[in-house]
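Notes to accompany the following structure.
Values in this text are rule-based calculations from the coordinates and carry no lab data. The structure presented is a predicted model; accordingly, all values stated were derived computationally and were not measured. Methodologically, a virtual Cβ is constructed for each residue, glycine included, from the backbone with ideal geometry; neighbour enumeration extends over all protein chains shown.
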Amino acid sequence: MKRLTITLVAAAAAVHAFAQEAMFPTPDAKTLGMGGVAMTTLSGSHALYGNSATAAFSLMPSQISSSYYGQDESDYYAVSGYWRFDTFNLAQIGWRQCLRERGNNDMAVDLGYSRRIDDRWAVGVVARYMHLKRPGDVTADALAADLNAAWMAPVEIGSFSTVRAGAKIANLGGWFGGGDRSLPMSFTAGAALDTFLTDAHEITVGADLGYRFSPGAMRGFMLSAGAEYNLMQLVQLRAGYHYGELRGDDPSYASVGAGFRFLHLRLDFAYLFTAKHTPDIYSISFGFDF
């Protein structure tokens, strides 16, 4: 009986911990290279995992992307894509799997729909199914949704400039079985400025500010800021910084990254310099626009 009690307590603790571990960081190397700026990212690999509404402003009819994100003993894989129905509507789909240390295994499937309302506004919604597995056949399942909005407009700075803004409410939903567990829900908003210094040289600067308000033990602010230099739409250099108020659940880091575009191919790399007590992270993204 004592052994059974210990097993049940351990299982309950593991399931309760899912509320804190059900966070899939963005795997997009472009976003990570700019310190995690995700609310205004254009031409990235995984708009579905950042601000899905920004995909509506893309000039490409369709996109397929894959990423690998490595940290210590964890391996994180992601594949996503979108298909445009017409000028205003597109659908998105994605799959993610995080193989954590000691046999922990997290998986998520996302379905999204984005609509461009006019030349300046777009909205998006993403539905998500999550399945988390821990040693001892302890599992948990959840359904969640993200609500996204994006805005952009030209401004008279340099030869040509664009200002963008975006916002997202993430992980609205809950676990099957409920109880006192809740998903890590958050609200994030951001802004960015693109400026063409000349036809060949473009600079982008952006920042995001977010707040995680659930569960109570994980409440805290997040701040991302980053910049990108783009040479002839072929080569990109990036740098940024992310501040997480709760270091255990959202570590602070500085980041650098690079990208390469050739015809319809995209290749991006990012490296994150984290605090001493957290292993450094790197991400590689590859995609095809058509």
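The table below gives the values:
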quantity: Total formal charge among the other residues, if their Cβ is under 9 angstrom from that of ALA108, Lys/Arg +1 and Asp/Glu -1; calculated: 0
quantity: Percentage relative contact order, the chain, counting C-alpha pairs under 8 Å, at least six apart; calculated: 19
quantity: The chain: angle of helix 2-21 to the longest principal axis, Cα-based, in degrees nearest 10; calculated: 10
quantity: Length released on extending from GLU245 to ILE169, taking residue separation times 0.36 nm less the Cα-Cα span; calculated: 25.5 nm
quantity: Label point distance in nm, PHE176-PHE262, each placed 7 Å from Cα along Cα→Cβ; calculated: 4.6
quantity: Per-residue Cβ neighbour rank within 10 angstrom, fewest leading, HIS242, HIS131, HIS46; calculated: HIS131, HIS242, HIS46
quantity: VAL155 versus HIS201: modelled label distance in nm, points set 7 Å from Cα along the beta carbon direction; calculated: 2.0
quantity: Pair PHE85, GLN97: separation of 7 Å Cα→Cβ label points (nm); calculated: 3.1
quantity: Leading residue at positive end of dipole, segment 2-289 (Cβ point charges), from ALA142, GLY206, ILE117; calculated: ALA142
quantity: Neighbour net charge for ARG238 - beta-carbon separation under 14 angstrom, K R +1, D E -1; calculated: -2
quantity: Reported label for calculated volume of the Cα convex hull per residue in Å³ given (1) 118; (2) 211; (3) 146; calculated: (1)
quantity: Neighbourhood net charge (12 Å Cβ-Cβ; Lys/Arg +1, Asp/Glu -1) for LEU172; calculated: +1
quantity: Helical mean residue ellipticity (222 nm; -39500 (n - 2.57) per DSSP H run of 4+; nearest 500) of the chain; calculated: -2500 deg cm²/dmol
quantity: Electrostatic dipole magnitude of the chain [Cβ: Lys, Arg +1; Asp, Glu -1; Cα centre; debye, to 20]; calculated: 660
